[in-house]
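Student: I'd like to ask some things about the structure below.
The values are calculated or read from the model by the stated rules, or taken from the named source; none is laboratory data. All of these numbers come straight from a predicted model, not from anything done at the bench. Note that we place each Cβ from the backbone using ideal geometry, even for glycine, and neighbour counts take in every protein chain shown. Keep in mind that these areas ignore ligands, DNA and RNA; they rest on the heavy atoms of the full protein, side chains included. Shrake-Rupley method; radii C 1.70, N 1.55, O 1.52, S 1.80 Å.
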Amino acid sequence: MKALILVGGYGTRLRPLTLSVPKPLVEFANKPMIFHQVKALAEAGVTDIVLAVNYKPEVMVGALREYEKECGVNITFSVEEEPLGTAGPLKLAESVLTKNDEPIFVLNSDVICDYPFKDLAAFHKAHGAEATIVATKVDEPSKYGVIVHDRDIPNLIDRFVEKPVEFVGNRINAGIYIINPSVISLIEMRPTSIEKETFPLLVDKKQLYSYDLEGYWMDVGQPKDFLSGTCLYLSSLAKKESSALTPTSEPFINGGNVLIDPTAKVGKDCKIGPNVVIGPNCVIGDGVRIQRSVILKNSNIKDHAWVKSTIVGWNSTVGKWARLEGVTVLGEDVTVKDEIYVNGGKVLPHKSISANVDTPQIIM
Ligand code: GDD
Ligand code: MG
């Protein structure tokens, strides 16, 4: 089977991290976001994956070559000269995607869940219509595409409303689809949106169904949701009793759901957790407290620092007795000086912070 992953877009909502690397390569639970998707697609029997890109493709090529080998799939890049939206990329890759009659998986690159690809393919085949959207329920549907069902036919979609202004329901598009090759013939070769243009056409033809996702789901394309998604992912690892999690028997573990790369070093008398990810080669000093946070690789958290609801970007340093909270995000190579307090700061790469940041703001 084949898949197309939509990896375009500038990932502006995940700045300052996406000033250094494209969103799909930002590590989620110590693996680039896109790696989780490629691996799950490969495990479901997908052999060919097209990456639809319009931003920094060079950086992605190297990383993806590795995953090709590791996961045993072919990955090709389909590069847009201008952003083609969420449907245009399918048209651009039409010749590859319509080589045979098999249905095609389509994914937004920033969604995490227990990808249900095998089940989804079986469900899609069983109802026989042209396309199926994976659906999940959320509390704040206005940020997403909302699905309204037909009254009589189970799972048939009667209306699809992208980012509704008024409440129409709370079952939303999870950003994962399976479509027949015939759907691509409905798309024109121009910048176009699958949500606003293609789905309504399919609804009119009564050819769009939804599949209810079980378990957790999150669009991790912005810092607050990236942290929430990390918590959900870690607790799902805990439920599966995954050996990837750091054992709670470690003296510094506080409350579980902690994932520490084996190459990271943790000092004496620390309290780490719950809900913490620490990347490769990080050095955590003595007496450090970290909760609900992600520390990306090669970063250094010095003695007695206190870190909560924060993402520390690559190669950064947090000084002694520093205190970070309130969805603070440090870009790559940021230094927070000793004893500094940062509340909700988004700090651009290569900055040094030597004065307190009391209220949420961008620091350039
Ligand atoms: N190749 C390519 N070209 N990809 C693009 C382009 C483009 O011009 N524009 C956006 N994308 C990719 C993004 O990288 C992302 O993977 C996906 O398309 C969706 O774009 P987002 O910017 O993340 O959209 P969203 O989160 O506001 O809404 C979408 O996702 C929701 C679920 O998280 C919609 O599909 C909603 O209906 C959905 O509920
Ligand atoms: Mg998104």
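Student: Please go through region 104-123 and give me each residue that is open to solvent by less than 60 Å² (accessible area, probe 1.4 Å), away from ligand 1 (no atom under 16 Å from the Cβ) and under 24 Å from the mean Cα position of the chain (by Cα), ordered by number.
Tutor: Once the filter is applied, which keeps residues that are open to solvent by less than 60 Å² (accessible area, probe 1.4 Å), away from ligand 1 (no atom under 16 Å from the Cβ) and under 24 Å from the mean Cα position of the chain (by Cα), region 104-123 yields PHE117, ALA121.
Student: I would also like to ask the following. Residue by residue through region 321-360, note down the ones that are assigned to a strand (DSSP E or B), surrounded by fewer than 22 Cβ atoms within 10 Å (Cβ to Cβ) and in contact with a helix residue (DSSP H, G or I) (Cβ under 8 Å, 6 or more places away or on another chain).
Tutor: Correct list: LYS346 only.
Student: Within region 26-37, identify whether any single residue is within 19 Å of PRO349 (Cβ to Cβ) and assigned to a loop (DSSP other than H, G, I, E, B), and answer yes or no.
Tutor: Within region 26-37 (the criterion being within 19 Å of PRO349 (Cβ to Cβ) and assigned to a loop (DSSP other than H, G, I, E, B)), the answer is yes, since at least one residue qualifies.
Student: When you go through PRO24, PRO32 one by one, which is the residue that is crowded, with 19+ Cβ neighbours inside 10 Å and near ligand 1 (Cβ under 9 Å from one of its atoms)?
Tutor: Exactly one of PRO24, PRO32 is crowded, with 19+ Cβ neighbours inside 10 Å and near ligand 1 (Cβ under 9 Å from one of its atoms), namely PRO24.
Student: Sticking with this structure for a sec: Among what's in region 49-103 and is open to solvent by 10 Å² or more (accessible area, probe 1.4 Å) and within 16 Å of ligand 2 (Cβ to nearest atom), pick the residue that is nearest to ALA129 (Cα to Cα).
Tutor: Within region 49-103, the match that is nearest to ALA129 (Cα to Cα) is THR86.
Student: Would you pick out the residues in region 150-165 that are open to solvent by 10 Å² or more (accessible area, probe 1.4 Å) and closer than 19 Å to PRO116 by Cβ?
Tutor: PRO154, ASN155
Student: Something else: Does at least one position in region 166-185 carry a residue that is open to solvent by less than 10 Å² (accessible area, probe 1.4 Å), among the hydroxyl-bearing types (Ser, Thr, Tyr), under 22 Å from ALA40 (Cβ atoms) and within 14 Å of ligand 1 (Cβ to nearest atom)?
Tutor: Looking through region 166-185, at least one residue is open to solvent by less than 10 Å² (accessible area, probe 1.4 Å), among the hydroxyl-bearing types (Ser, Thr, Tyr), under 22 Å from ALA40 (Cβ atoms) and within 14 Å of ligand 1 (Cβ to nearest atom).
Student: Applying the selection to region 103-142, what residues are of a type in the set (D, E, K, R) and in contact with a Lys or Arg (Cβ under 7 Å, 6 or more places away or on another chain)?
Tutor: Matches in region 103-142: ASP110, LYS137.
Student: So VAL318 clears everything in (1) surrounded by fewer than 21 Cβ atoms within 10 Å (Cβ to Cβ); (2) under 24 Å from ASN254 (Cα atoms) except one condition, right? Which one?
Tutor: The single condition VAL318 does not satisfy is (1).
Student: Sticking with this one: Among the residues of region 221-266, which ones are among the small types (Gly, Ala, Ser), open to solvent by less than 40 Å² (accessible area, probe 1.4 Å) and either on the phi > 0 side of the Ramachandran plot or within 16 Å of ligand 1 (Cβ to nearest atom) (or both)?
Tutor: GLY221, SER228, GLY229, GLY256
Student: List every residue pair whose Cβ atoms sit under 9 Å apart, with the two residues 6 or more apart in sequence or on different chains, where the first one lies in region 349-362 and is under 17 Å from LEU17 (Cβ atoms) and the second, anywhere, is loosely packed, with under 14 Cβ neighbours inside 10 Å.
Tutor: Close Cβ pairs (under 9 Å, with a partner that is loosely packed, with under 14 Cβ neighbours inside 10 Å) amount to LYS351/MET364.
Student: Report, by residue number, each residue of region 196-220 that is within 14 Å of ligand 1 (Cβ to nearest atom), farther than 25 Å from ASP114 by Cα and not in a helix (DSSP H, G or I).
Tutor: Passing the criteria: none in range.
Student: Then there is this: Of (1) surrounded by fewer than 22 Cβ atoms within 10 Å (Cβ to Cβ); (2) touching a residue at least 40 places away in the same chain (Cβ under 8 Å); (3) within 16 Å of ligand 1 (Cβ to nearest atom); (4) β-branched (Val, Ile, Thr), THR18 satisfies all except one. Which?
Tutor: It fails just one condition, (2).
Student: I'm checking my understanding of the structure. Among residues of region 295-315 that are under 20 Å from PRO360 (Cβ atoms) and in contact with an Asp or Glu (Cβ under 6 Å, 6 or more places away or on another chain), which one is surrounded by the fewest Cβ atoms within 10 Å (Cβ to Cβ)?
Tutor: The residue in question is LYS308.
Student: Let me ask something else about it. Can LYS196 be described as touching a residue at least 40 places away in the same chain (Cβ under 8 Å), farther than 25 Å from PRO32 by Cβ and either within 16 Å of ligand 2 (Cβ to nearest atom) or open to solvent by 60 Å² or more (accessible area, probe 1.4 Å) (or both)?
Tutor: For LYS196, the condition - touching a residue at least 40 places away in the same chain (Cβ under 8 Å), farther than 25 Å from PRO32 by Cβ and either within 16 Å of ligand 2 (Cβ to nearest atom) or open to solvent by 60 Å² or more (accessible area, probe 1.4 Å) (or both) - is not met.
Student: Applying the selection to region 217-239, what residues are more than 12 Å from ligand 2 (Cβ to nearest atom) and among the aliphatic types (A, V, I, L, M)?
Tutor: Those that are more than 12 Å from ligand 2 (Cβ to nearest atom) and among the aliphatic types (A, V, I, L, M): LEU227, LEU232, LEU234, LEU237, ALA238.
Student: Quick one: in region 1-17, which of the residues that are away from ligand 2 (no atom under 12 Å from the Cβ) and in contact with a Gly (Cβ under 7 Å, 6 or more places away or on another chain) is farthest from SER228 (Cα to Cα)?
Tutor: Checked region 1-17; the qualifying residue farthest from SER228 (Cα to Cα) is MET1.
Student: Another question, then. Scan (1) in contact with a Leu (Cβ under 6 Å, 6 or more places away or on another chain); (2) assigned to a loop (DSSP other than H, G, I, E, B) for the single condition LEU237 breaks and write down its number.
Tutor: It is condition (2) that LEU237 fails.
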